[in-house]
Amino acid sequence: MNAAPPANLRLTARFEGRVQGVGFRYTATGLAGNLGVTGYVMNLMNGDVELVAEGPDATLRTLLQKIQTSHLGRYILRVDAHWSPARDGFTTFGVRFTEH
């Protein structure tokens, strides 16, 4: 018998630091697209960046690691990451321009 594939998770991460105006959303979108996860990245009014991504646990952890070890790492002072079950509300990964 084959084991069922692991259920997808949702990663909600808030990046703090000088993370706006440094290509964060563009870079995160490219990395997420290459990994095949869905969700969005968005600048927040307080200067932070929020990333919400859904996919397999290992893939989401890879995304988080790739963001932090990319050229963006020097601008990130803190990452607040939360994990929850996926809601399957996304079909692609993209940039959102307004908080909701």
Exposed-site-free run, longest, the chain (rule: trypsin sites (Lys or Arg not before Pro); DSSP loop; at most 15 other C-beta within 10 Å): 19-86
Of the chymotrypsin sites (Phe, Trp or Tyr not before Pro) in the stretch 69-100, those whose Cβ has at most 15 other Cβ within 10 Å and which sit in DSSP loop: PHE97
How much mean residue ellipticity at 222 nm does the chain get from its helices, if each DSSP H run of length 4 or more adds -39500 (n - 2.57) and you divide by all residues, to the nearest 500 deg cm²/dmol? -8000 deg cm²/dmol
Take every Cα pair under 8 Å in the chain that's 6+ residues apart, average their separations, divide by the length, and report that relative contact order as a whole percent. 44
Measuring from the longest principal axis of the C-alpha atoms of the chain, the long axis of helix 24-35 (C-alpha) lies at a number of degrees, nearest 10, equal to 20
Expressed as an acute angle from 0 to 90° and rounded to the nearest 10, what is the orientation of the C-alpha long axis of helix 57-69 relative to the principal long axis of the chain? 20
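None of the figures in this text is laboratory data; all of them are computed from the coordinates on show. All values derive from a computational prediction rather than experimental measurement. Note: ideal-geometry Cβ built from the backbone for every residue, glycine included; neighbour counts use all protein chains shown.
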